[in-house]
1. So, in the range 334-351, how many residues would count as being more than 17 Å from Phe287 (Cβ to Cβ) and not aromatic (Phe, Trp, Tyr)?
2. Residue pairs, Cβ under 8 Å, 6 or more apart or interchain, first in the range 161-185 and in contact (Cβ under 8 Å) with a residue 60 or more places away in the chain, second hydroxyl-bearing (Ser, Thr, Tyr) and assigned to a helix (DSSP H, G or I). List them.
3. Picking from Gly253, Gly160, Gly223, which residue would you name as being closer than 17 Å to Ile63 by Cβ and outside the structural domain of Val107 (by TED's automatic domain parsing)?
4. Considering only the range 99-131, state which residues are surrounded by fewer than 22 Cβ atoms within 10 Å (Cβ to Cβ), of a type in the set (A, V, I, L, M, F, W, C) and not in a helix (DSSP H, G or I).
5. Give me the residue from the range 132-150 that is assigned to a helix (DSSP H, G or I) and β-branched (Val, Ile, Thr) and, out of that set, surrounded by the fewest Cβ atoms within 10 Å (Cβ to Cβ).
6. Restricting attention to the range 50-103, which residues are among the β-branched types (Val, Ile, Thr) and under 29 Å from Val170 (Cα atoms)?
7. Cβ-Cβ distance below 6 Å, separation of 6 or more or different chains: which pairs start in the range 324-348 with a residue that is assigned by TED's automatic domain parsing to the domain that holds Thr311 and end on one that is part of a strand (DSSP E or B) and acidic (Asp, Glu)?
8. Please state which one of Lys283, Lys279 is at pLDDT 95 or above and surrounded by fewer than 16 Cβ atoms within 10 Å (Cβ to Cβ).
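The values are calculated or read from the model by the stated rules, or taken from the named source; none is laboratory data. Since the model is a prediction, treat every value here as computed from it, not as a measurement. Here the Cβ is made from the backbone with ideal geometry for all residues, glycine too, and neighbour counts use every protein chain on show.
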Amino acid sequence: MNKLTFYLSLTIFSINLSIADAKFNINARTAILQDYLSGKILYEKDADRKIFPASMTKIMTTIIAFDLLKSNEISLDDKFIVSENAWRLSEAGYSSMFIMVGDEISVENLLRGIIVSSGNDACIALAEGIAGSEDEFVILMNEKAQEIGMIDSNFSNSSGINSPDNISTVRDILIMSNYLIKNYPTYYEYFKEKTFTWDRTGGDPIKQGNRNPLLYKNIGVDGIKTGYLAYEKYSLASSIKRNERRLIAVGSGFETKNSRSKQSLKLLTWGLTKFETIKIAEKNKNFTTVNIWHGKKNSLNVFVNKDIYKTIPKAKKKYLKAVVTYDGPISAPIIKNDKVAKLKVFFKDEIIGDYDLLATENIKKQNIFSRIISSINFLLWGDV
């Protein structure tokens, strides 16, 4: 039989759209903003320009530890001994956890010392405890960076202290931040802690506040990491969650601490107010039905194997449509999880997504007599 292409148009909703403010800008040398669920980049400014990531480097340091925690190769209660090499950073005027040579410190406390206190000394202690030396740990960092797609980054130390070879881009920092939030939701909770108290050796406990200024505004920001170097100026990777929606922003080259806070908040607020994110389809849930030819059933439920979200401007008046297409009727036999149709998502008549629709079940072929009847019905009436 000749194949016909079938279309099933599903209007998701009618929305008002307008061009998001094309003149919007923030005072940073380089910046980027992404909707986490849809992956849509909402704003970018020279996002592939090389930067010195400063303490945003520490995000990768924690990812290496989280990987090992997740695989049970280390535990939060494991203790590492502080070397003189690690201690010297606390004496050199850098941001520190204020650890002492010979201290035995748990992995959990070192992680808090890195994430909340931004301790460079804690970074080296963790790196040496995991890999034997910071140099060996940096190899793990760079391997992970390549694995997750940070193609324009190179790490040369675990803390982000000044080094011409410790480079990245805000786009790569965004990739790293996205990976962190997606893969380690439990450990990511550390990034919203506002204070950490270290009961140090030979002195009173030291309580330090998280350096992320947006955490204290109580607007839904729950991470992630600040940075500063004299040449690069101020930087910040930040994330905000409102209801089920999350945005991630990264900026670098803010002139002052105050500018870093205000401009990062401006970027996140703009993303929340100018755009909305719509769930098109839910992973592993029946999406629609398609017709089956010569099967013991004449219809089949189909699904997508991942959640599908689309982010669109709030201010335009157009339709967002989902269209199911398939060459059909689709012939039995069908095997569960076969690709049987396509889901195409359109916005303003432009395709913005193309996804496989999979079979929810096996469907056996009809016997020869039933197939003959089905063929006659199709030729006469177009009915499968």
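1. First pass over the range 334-351, keeping only residues more than 17 Å from Phe287 (Cβ to Cβ): 335, 347-351.
Keeping just the survivors that are not aromatic (Phe, Trp, Tyr) gives 335, 348-351.
Final tally of qualifying residues: 5.
2. Final answer for the pair search is Asn166/Thr57; Ser168/Thr57; Leu180/Thr62; Leu180/Tyr188; Ile181/Tyr188.
3. After applying the criteria, what remains is Gly223.
4. Across the range 99-131, the qualifying residues are Met100, Val101.
5. Within the range 132-150, the subset assigned to a helix (DSSP H, G or I) is 134-147.
Retained after the next criterion (residues that are β-branched (Val, Ile, Thr)): 138-139.
On the way: Val138: 23, Ile139: 12.
Step by step, filter the range 132-150, then rank; the result is Ile139.
6. The first filter runs over the range 50-103 and keeps only residues among the β-branched types (Val, Ile, Thr), leaving 51, 57, 59, 61-64, 74, 81-82, 99, 101.
Result: Ile51, Thr57, Ile59, Thr61, Thr62, Ile63, Ile64.
7. Sorted first by the residue in the range 324-348, then by its partner, the pairs are Lys339/Asp356; Lys344/Asp354.
8. So the residue among Lys283, Lys279 that is at pLDDT 95 or above and surrounded by fewer than 16 Cβ atoms within 10 Å (Cβ to Cβ) is Lys283.
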